[in-house]
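Report on the following structure.
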Amino acid sequence: MNEWPLTPMHGGGHAPGTRLLQAEAGLKALLDRDDIGFLVDGEEEPRNWAVAATQRNSNVDRFLRDLEIEHWGVERFLRILKNRFVNRPRLCYSTLKWLRGPDRAFLDWMCSKPTEWHRALYALFHRELEDKLHRFDDVCIVRRSDGKYGTGSECYFPTAESHEDSIHPRVAEGTFSGEGSKAERRDARAFLEGIGVREVGEREQIEAILKRRYADPARAPSWETYERDLRRFIALTDKDKSANSLFGKYCIFQREDGLWARPSGVYLDTPYLDTGLHAYYGPLGVESSRAPLSDRYRHVDMRAQLVPFAQRCGVASRLEVEEVKCTDNPESAYLRDAPGSVFTSTGVNRDFAIPGLEKLFQRPTPDLSRLVWNTLSSRARDKSILKATFRYNQSNDARYADSRIVHQLRNSVWIPQGGD
């Protein structure tokens, strides 16, 4: 039975047991002899599937298991997927070089399969590997509506309004719906959900809006469109605080000079909030990293919600004391003379300053002095900002000195004396 063509094959005919493979019935239905040649045997004469016993642990089943028939099932197929169909760097065994993205030949092979084939494959994976779906995290197994492939976490289910979306790639609908049995459709969708495919919610839709309308400051939408979008932005962050992180890299605020900027390029002051920040950013002129929020927002009907939203996104509403390195501290030489010589990952190089303060204090104003005073008064309990610390590593002692902000205030003329 092993050496002569006497062992029954799946689908009819006979072959030697050594020229046959055994697998789950679902995989046999998906992969034909040509597929076996591509996946398993390469340039050799492809093998074929062996017949399976109709009943487990029967005499027929035990006899077939005693033959030299290699088992090549769903687990082996998954190993090939993880080696050749991933979106991370992978080692090409023929050249011993690291390659990025799916194997081209394997990608072409997958692309040749219809959506119905993918649906049956997903249903099979759900039945056989339901408790191991985490192993698909980096596998580009999801057939998308644009014909490409992605991982589950990268893809979304289509909706009645959108079957294709370059920002949120949609799953090809036929891979989990359409014809086929109800059980197959159910299992295929369950597999896709299990590996991370999800519905497009309000957060995802807003992310798409941000990428489409606010990535380029020179292509800002009309003010009417912007107001509608702004309402959605505020509503989302009111419900989901973690959504604040979505807006940092997009130009969603108009400045007083008419330009659109990221939150990091804008600050709040009157008439929105009496912060006094104009006394700091205003004199810096073109060197300023921020500009005031446009006056146009005074007339929007959501002004009360605008200020907390802007603050959550990163628009400045107070003068920040920045953590910097000790390089520009007047006592830098003393600090770097700490015990040790090699700076390691356990070393400390920490100082505090208000950037540009020395230059501004060359022409001090009462408003600037008040801003600095109020800023430091609000942080009176935080004594750490008064000290610079330098340490090479945890095996050596640290050295301490007055922070840059102490030197800035000690050596500058900034305390009002009355009158002028």
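The values are calculated or read from the model by the stated rules, or taken from the named source; none is laboratory data. Source: prediction; values computed, not measured. Here the Cβ is made from the backbone with ideal geometry for all residues, glycine too, and neighbour counts use every protein chain on show. Note: areas computed on protein heavy atoms with side chains; ligands, DNA, RNA excluded. Shrake-Rupley method; radii C 1.70, N 1.55, O 1.52, S 1.80 Å.
Just a few scattered comments:
- Computed on protein heavy atoms with a 1.4 Å probe, the accessible areas place Arg219, Arg33 in the order Arg219, Arg33, largest first.
- Dipole moment magnitude, nearest 20 debye, the chain about Cα centre, only Lys, Arg, Asp, Glu C-beta charged: 900 debye
- Residue among Thr115, Thr175, Thr365 with the largest mean-square fluctuation in a Gaussian network model of the chain, springs linking Cα atoms under 10 Å: Thr365
- ³J(HN,Hα) computed for each position of region 401-415 - Karplus, 6.51 cos²θ - 1.76 cosθ + 1.60, integer Hz, glycine/proline x: 8, 4, 5, 4, 5, 5, 5, 4, 7, 6, 9, 9, 8, 8, 8
- Applying the Karplus relation 6.51 cos²θ - 1.76 cosθ + 1.60 with θ = phi - 60° to region 380-392 yields 3J(HN,Hα) values of 4, 6, 8, 5, 4, 6, 8, 10, 9, 10, 9, 8, 6 Hz, where x marks Gly and Pro.
- Looking at the chain, the accessible area is 55 square angstrom per residue; that uses a 1.4 Å probe and ignores ligands, DNA and RNA.
- Under 5 Å from the amide H of Asp165 lie the amide H atoms of Arg170, each residue being 5 or more positions distant or on a separate chain, with H modelled from the backbone and absent for Pro and chain starts.
- Evaluating 6.51 cos²θ - 1.76 cosθ + 1.60 at θ = phi - 60° for every residue in region 159-175, the Karplus couplings come out as 10, 4, 8, 9, 9, 9, 7, 5, 7, 10, x, 9, 6, 4, 4, x, 7 Hz, glycine and proline recorded as x.
- GNM result for the chain, Cα springs below 10 Å: residue of Asp165, Asp66, Asp402 fluctuating most strongly: Asp66
- Highest GNM mean-square fluctuation among Thr344, Thr18, Thr327, for the chain modelled with Cα contacts below 10 Å: Thr344.
- Glu75 sits among other residues whose Cβ lies under 12 Å from its own Cβ, and their net charge, with Lys and Arg +1 and Asp and Glu -1, is +3.
- Ranking Phe191, Thr225, Phe106 by Cα position along the charge dipole of the chain, where only Lys, Arg, Asp and Glu carry charges on their C-beta atoms, puts Thr225 farthest toward the positive end.
- Proximity of backbone amide H atoms, modeled 1.01 Å from N, is registered between Met9 and His14, Ala15, Val51 at under 5 Å, excluding neighbours fewer than 5 places apart on the same chain.
- Accessible heavy-atom area order of His126, His10, His118, His299, highest first, probe of 1.4 Å: His299, His10, His126, His118
- Built amide H within the under 5 Å cut-off of Val266, gap 5+: Ala291, Ala316
- Within the accessible area of the chain (1.4 Å probe), percent carbon and sulfur: 48 percent
- Of all DSSP beta bridges in the chain, antiparallel share, percent nearest 5: 75 percent
- Cα gyration tensor category, rounded, prolate or oblate, for region 132-209 with a/c compared to 1.5: oblate
- Peptide packing: for 55-61, 67-73, 286-292, the average count of neighbouring Cβ atoms within 10 Å per residue gives the ranking 67-73, 286-292, 55-61, highest mean first.
- Largest-first ordering by accessible area, 1.4 Å probe, given options Tyr400, Tyr122: Tyr400, Tyr122
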